[in-house]
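Asker: Next up is a structure, given as C-alpha cells.
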Amino acid sequence: MKFAFIVYDGMTLLDFAGAYDPITRLKSMGFVNDFVYDVCATQKTVRTFEGLEIKADKVNNALNTYDYIFIPGGNGIAGLLKDTVLLNWIRNISTNTIMTAVCGGALLLGAAGFLKDKEATTHPGLIQYLKNYTPKVSNARIVDAGNIITARGVTSAIDLGLYLCEKIAGGEVRQKIQKQMDYQV
C-alpha cells in the first residue's frame, strides 16, 4: 500500500498534519505493515503558510504508482490553480488511485481535471470556486465519490485522515487510532 502526501508552498499546516497524523499511525501502530508513505513536492523544501519548512521525501516523482494521494489546502492555492508545472504533475495520477483532498486541495483536483461530474466539497468560503470544476458541490464534511474523496475546512483534515484509516484498515483500526489520538467526534 503506497500513500503520497503532496505538499506545496503556502499550504495550511493543519490541513497537512491533520490527515498525516492518523494515516501514518497505520504504520507506526503496526496495523498495516506494508504501508509506505512519501511526502512529495515539485521542490525539495516547501514553506507552509504559517512559515514551517517541510522537506519532501520525493521531488517530481511519478505519482501514478500510489494507491492513495492526499492534497492539503492553503492560502497558496490561488496561484497554484494556474501553475502548469504542478497541475501537469498532478494530472499524471492514475485514475485507479484514490485521490483525496481537504479544503482548497479540492480546487487543485478540479483544476487538474479530476472533478468533472464528481460530487465534492471544500471549505465553505471556497464553495463558489469549486463550482467552476463540478456542478455537484456538497456541504457535507466528507464526500466520498469513489476514487475522489474530499473534505471541508482545516479541522476536517483529521476527520478525513480517520476516514481513510477506516477505508484502508477497517473500523476497529480507526477506533484504536482515534482513541490513541484522544480525538472525540
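Asker: Which value, in Å to one decimal place, does the Kirkwood hydrodynamic radius take for the stretch 83-185 when every pair of different Cα atoms is included?
Answerer: 14.1
Asker: In Å, what Rg and Dmax follow from the Cα atoms of the stretch 2-181?
Answerer: Rg then Dmax for the stretch 2-181, in Å: 14.8, 41.
Asker: Charges only on Cβ, +1 for Lys and Arg, -1 for Asp and Glu: so what's the dipole of the stretch 116-163 about the Cα centre, in debye to the nearest 20?
Answerer: The dipole magnitude comes to about 140 debye.
Asker: Given Cβ point charges of +1 (Lys, Arg) and -1 (Asp, Glu) and nothing else, what value in debye, to the nearest 20, does the dipole of the chain about its Cα centre take?
Answerer: Rounded to the nearest 20 debye, it is 220 debye.
Asker: Using the Karplus curve 6.51 cos²θ - 1.76 cosθ + 1.60 with θ = phi - 60°, what ³J(HN,Hα) values do you get for each residue of the stretch 44-58, in whole Hz, with x for Gly and Pro?
Answerer: Values per residue, Gly and Pro as x: 5, 10, 10, 10, 5, 4, 7, x, 7, 8, 10, 8, 6, 6, 10 Hz.
Values in this text are rule-based calculations from the coordinates and carry no lab data. This is a predicted model, so every value here is computed, not measured. Virtual Cβ from ideal backbone geometry, glycine too; neighbours counted across all protein chains shown.
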